[in-house]
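First up is the structure itself, then whatever we jot down about it.
The values are calculated or read from the model by the stated rules, or taken from the named source; none is laboratory data. Just so it is clear, the structure is predicted and the values come from calculations on it, not from any experiment. Cβ sites come from the backbone with ideal geometry, for glycine too, and all protein chains shown count toward neighbours. When the accessible area is computed, the model is the full protein with side chains, heavy atoms only, and any ligands, DNA or RNA have been set aside. Shrake-Rupley method; radii C 1.70, N 1.55, O 1.52, S 1.80 Å.
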Amino acid sequence: MQTELGTQESPGRASRMVSNGSRTEGELQAGASQKTQFDPMHSPRTNGGPVDVRRPDFFGHSREEVTRILIQALNDLGYTTAAGNLGEESGCQVESPDVVAFRQAVLAGSWSRAEELLWGRGSTDGQSSGRGLVLAPGADRNSMRFRLRQQKFLELLERRETGRALAVLRNELTPLCAEQHHTLHTLSRLLMCPDAEDLKSKAGWDGANGRSRRNLLTQLSESISPSVMLPEHRLAVLLDELKTSQIDQCLYHTSNEPLTLYTDHICDRSHFPSEVVAELSSPAVETPKQPEEVWQLRFSPDGKRLASCGTEKAVNIWDVEKCKLMQELHGHPKGEIGDLAWSPDSKLLVTCGVDRYAKLWNTDTGECLKVLEGFEEPVSSCVWASDGQSFVTGSFDKWKSLCQWNLLGECVYTWTEAHRTQDVALSRDQRWLVAMDEGRTLHVYNFGTREHMYDLMLNARPTSLSISRDSRHLLVNKTDNEAILIDMETRETMQRYTGHTGGQYTIRSDFGGANENFVISGSEDGHVFIWHKSTATLVHEAEAHHPRCNAVSWSPVDPCLFATCGDDNRIRLWSNKDRARAISASNRQSNGATRGSNDGRHFSEDVWA
């Protein structure tokens, strides 16, 4: 303990619909080498019966909408001739002429022309109705104009035309957001950028020759009525949503394989990791009165190694495939190592100790590369930036509670808010840096600009933080027997997970599984809990450690593998029944590692065979 210092597989229903000359799967297999001549206007078949291809709707869907989406999809696929033929035969247009002109103006950087078309002063038919482009319900024309002018401002700065950029800021942007002082202040600060690269970095923008104009068009298209401008790649978006919906409805989703459109998706429960397949035991000498405890463990990003730490004086690094102890990193003589973090390339490791030091290690050689000193209180947490060139430490030292370090061991920035940091998390997109204090407050910063964004007050003391791979959600475990999922943008609580027990000690939770479909947590009662992330349905609960299960970690490369650790100085690897059955009958114990069957008592060498 770390103190606060059913296996039925529903067959996919492959549609046997034959429409407009298409054939069933069986017919395709049987006659793959035959080219069938088929007249769709005279011989359409659907489920064996005739159908009128000129029916007013398409199986309950708007005929016009489906046709426009198909034309767009054919163009996206490169079948421009087929798209043109379909447009000519159906009489449908994907976009109106004014929208086409607006698109061209935005992509060409013709900002005056784009504004004229937006407001209706530059209609392609030469007749200005004054109404401009048809907008979606609730869309604001001035907001769209602001986006156009902001892009114009940024491009002028990129070309180092600072005088013209300043004029755009004063005369064109300020009237549109006079009350939005923060926005104007942020834009004004960009005038001080010494070069284009600094501008791009601070603005989170990739320049006129990057994708910024296309991204702008995508944003603007959301405000234009789909009756005149289809959202980009609409068919692909609909198919992605269909796949996401099927994954969300799959309670035991454990596959990283791309979903097929031919059949409905479902994962067999037997593939879910519910069995202990290996147990790793530290070689540290234990006494009956005070056994060592494992407080934290993390898989390396490449999934090949697992690092663990706790009351023991060494950090242990395990070979996951062989279940073998590879390295013991000795450098915290007092023990009580509370956290660790792998670099993105799986080569370096940062460790944090109660001894008031953080250390940087080469995990291949076991060499301590740097010792980070100057803390007046314990270093509690650490996390790497996604570029692998720096990392952030959290500390109970109020004056060094949140610091960024480079690989030379130099502190490059210290956040000045005086709070004691207990845990820290950083999003992959480098936008969100979240620090958890010893009370009930989460402090949220913009890692890129280093600005303080907002604070979140919770109803109970948090014990751990995790941010999802897509950088959208924050998972917070709390002492009131609840974990919550928070939308980082809206700050709303999206889901609550209950069943596990908290207390006065650090119990960690995390995301896991294919597509991070699960939330996993340790528990004061020694159990491990796994919920479906979207529905909060409890998928699996099992006894893991005694008396406490302190931390959990899901393999980043294997959706059917996770690890747990506890106060019993044990690490357990969990996988599915197929792997458990693959363990050979020969039992052996070596190199401090015990490999086991589904109850963890009998062990085999060929766990991953």
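Can you say whether Asp345 is farther than 21 Å from Glu410 by Cα and either open to solvent by 40 Å² or more (accessible area, probe 1.4 Å) or in a loop (DSSP other than H, G, I, E, B) (or both), as far as the supplied structure shows? No; evaluated as a whole, the condition is false for this residue. Within segment 461-478, the presence of at least one residue that is exposed (fewer than 15 other Cβ atoms within 10 Å of the Cβ) and under 16 Å from the mean Cα position of the chain (by Cα) is confirmed.
Restricting attention to segment 169-194, the residues being of a type outside the set (A, V, I, L, M) and open to solvent by less than 70 Å² (accessible area, probe 1.4 Å) number 7. Can you say whether Lys359 is out of contact with any Lys or Arg (no Cβ under 9 Å at 6 or more places or on another chain), open to solvent by 20 Å² or more (accessible area, probe 1.4 Å) and either at pLDDT 95 or above or within 30 Å of Cys560 (Cβ to Cβ) (or both), as far as the supplied structure shows? Here the answer is no, as Lys359 does not meet what is asked. Note on segment 516-538: among residues that are under 13 Å from Trp554 (Cβ atoms) and of a type in the set (Val, Ile, Thr), the one that is nearest to the chain's Cα centre (by Cα) is Val519. Could you check segment 395-413 and list, in sequence order, the residues that are part of a strand (DSSP E or B) and either over 19 Å from Gly338 (Cβ atoms) or under 23 Å from the mean Cα position of the chain (by Cα) (or both)? Of everything in segment 395-413, those that are part of a strand (DSSP E or B) and either over 19 Å from Gly338 (Cβ atoms) or under 23 Å from the mean Cα position of the chain (by Cα) (or both) turn out to be Gln404, Asn406, Cys411, Val412, Tyr413. If I filter segment 479-492 down to residues being open to solvent by 20 Å² or more (accessible area, probe 1.4 Å) and closer than 27 Å to Gly204 by Cα, which single residue comes out as nearest to the chain's Cα centre (by Cα)? Selected residue: Asp487.
Please enumerate the residues belonging to segment 436-454 that are under 20 Å from Asp387 (Cβ atoms) and either at pLDDT below 95 or not hydroxyl-bearing (Ser, Thr, Tyr) (or both). Residues satisfying the conditions are Asn446, Phe447, Gly448, Thr449, Arg450, Glu451. Of everything in segment 395-412 that is over 14 Å from Leu433 (Cα atoms) and aliphatic (A, V, I, L, M), the residue that is surrounded by the fewest Cβ atoms within 10 Å (Cβ to Cβ) is Leu408. Residues satisfying the criterion are absent from segment 133-149 (criterion: crowded, with 17+ Cβ neighbours inside 10 Å, β-branched (Val, Ile, Thr) and within 15 Å of Glu115 (Cα to Cα)). More than 21 Å from Glu516 (Cα to Cα), among the hydroxyl-bearing types (Ser, Thr, Tyr) and either touching a helix residue (DSSP H, G or I) at 6+ places or on another chain (Cβ under 8 Å) or surrounded by 21 or more Cβ atoms within 10 Å (Cβ to Cβ) (or both): does that describe Ser308? Spelling it out, Ser308 is indeed more than 21 Å from Glu516 (Cα to Cα), among the hydroxyl-bearing types (Ser, Thr, Tyr) and either touching a helix residue (DSSP H, G or I) at 6+ places or on another chain (Cβ under 8 Å) or surrounded by 21 or more Cβ atoms within 10 Å (Cβ to Cβ) (or both). Evaluating Gln430 against the criteria (1) more than 23 Å from the chain's Cα centre (by Cα); (2) at pLDDT below 95; (3) more than 27 Å from Pro333 (Cβ to Cβ) leaves one unmet condition, (1). The set of residues in segment 195-213 that are of a type outside the set (Lys, Arg) and open to solvent by 50 Å² or more (accessible area, probe 1.4 Å) comprises Asp195, Glu197, Ser201, Gly204, Asp206, Asn209. Residues of segment 421-437 that are surrounded by fewer than 24 Cβ atoms within 10 Å (Cβ to Cβ) and of a type in the set (Asp, Glu): Asp429, Asp437. Taken as a whole, the structure leaves Arg164 outside the set of residues that are under 17 Å from Ala108 (Cβ atoms) and either at pLDDT 95 or above or loosely packed, with under 15 Cβ neighbours inside 10 Å (or both).
Condition check ((1) touching a helix residue (DSSP H, G or I) at 6+ places or on another chain (Cβ under 9 Å); (2) modelled with pLDDT of 95 or more; (3) of a type outside the set (Ser, Thr, Tyr); (4) open to solvent by less than 20 Å² (accessible area, probe 1.4 Å)) across all residues:
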residue	(1), (2), (3), (4)
Thr506	no, no, no, yes
Gly513	no, no, yes, yes
Cys565	no, yes, yes, yes
Leu573	no, yes, yes, yes
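Being touching a His at 6+ places or on another chain (Cβ under 7 Å), modelled with pLDDT under 95 and either surrounded by fewer than 21 Cβ atoms within 10 Å (Cβ to Cβ) or part of a loop (DSSP other than H, G, I, E, B) (or both), is that true of even one residue in segment 374-394? No, segment 374-394 contains no residue that is touching a His at 6+ places or on another chain (Cβ under 7 Å), modelled with pLDDT under 95 and either surrounded by fewer than 21 Cβ atoms within 10 Å (Cβ to Cβ) or part of a loop (DSSP other than H, G, I, E, B) (or both). Given the condition in contact with a Cys (Cβ under 8 Å, 6 or more places away or on another chain) and surrounded by 19 or more Cβ atoms within 10 Å (Cβ to Cβ), answer yes or no: does some residue in segment 277-290 qualify? Within segment 277-290, one or more residues are in contact with a Cys (Cβ under 8 Å, 6 or more places away or on another chain) and surrounded by 19 or more Cβ atoms within 10 Å (Cβ to Cβ).
Restricting attention to segment 221-242, the residues that are open to solvent by 60 Å² or more (accessible area, probe 1.4 Å), farther than 18 Å from Ser62 by Cα and assigned to a helix (DSSP H, G or I) add up to 3. For His540, only one of the following conditions fails: (1) touching a strand residue (DSSP E or B) at 6+ places or on another chain (Cβ under 7 Å); (2) part of a loop (DSSP other than H, G, I, E, B); (3) at pLDDT 95 or above; (4) open to solvent by 10 Å² or more (accessible area, probe 1.4 Å). What is its number? The single condition His540 does not satisfy is (2).
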